[in-house]
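Here the structure comes first, spelled out in structure tokens, and everything after it is commentary.
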Amino acid sequence: MEGSKGEFGIYLVSDGSEYPWRAKIRGASFSNLFILPDLLRGHKMGDVVAILGSIDLVLGEVDR
């Protein structure tokens, strides 16, 4: 599913009952974090804060 910050993933497994057997939620910031090594390659340490700000990460969502 596409959200305002990128792809938002929900994975549900059910045995046919009312409640899911397994539920996983992956926020968009978690997906966006994987591009960070490619973005930082070749830049100086002082540029890290600006680059992190440009991806618009929500670190609480990544920690989930």
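The values are calculated or read from the model by the stated rules, or taken from the named source; none is laboratory data. Given the structure is predicted, the values throughout are model-derived calculations rather than measurements. Cβ placement follows ideal geometry from the backbone for every residue including glycine, while neighbour counts extend to all protein chains displayed. These accessible areas exclude ligands, DNA and RNA; they are computed on the full protein's heavy atoms, side chains included. Shrake-Rupley method; radii C 1.70, N 1.55, O 1.52, S 1.80 Å.
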DSSP-loop chymotrypsin sites (Phe, Trp or Tyr not before Pro) across the stretch 1-44, with at most 10 other Cβ within 10 angstrom: Trp21, Phe34
For the chain, dividing by residue count, accessible area per residue (probe 1.4 Å) in Å² works out to 82 Å²
Using alpha-carbon pairs under 8 Å, 6+ residues apart, how would you state the relative contact order of the chain in percent? 28 percent
Expressed in angstrom, Rg and Dmax over the Cα atoms of the chain are 15.9, 54
Local electrostatic count, Ile55, Cβ distance below 14 Å [Lys/Arg +1, Asp/Glu -1]: -4
Where the accessible area of the chain is counted over protein heavy atoms with a 1.4 Å probe, how much of it, in %, is carbon and sulfur? 59 percent
Counting only DSSP loop positions in the stretch 1-54, the trypsin sites (Lys or Arg not before Pro) whose Cβ has at most 12 other Cβ atoms within 10 Å are Arg41, Lys44
Please sort by residue number the GluC sites (Glu not before Pro) in the chain whose DSSP state is loop and whose Cβ has at most 12 other Cβ atoms within 10 Å. Glu18
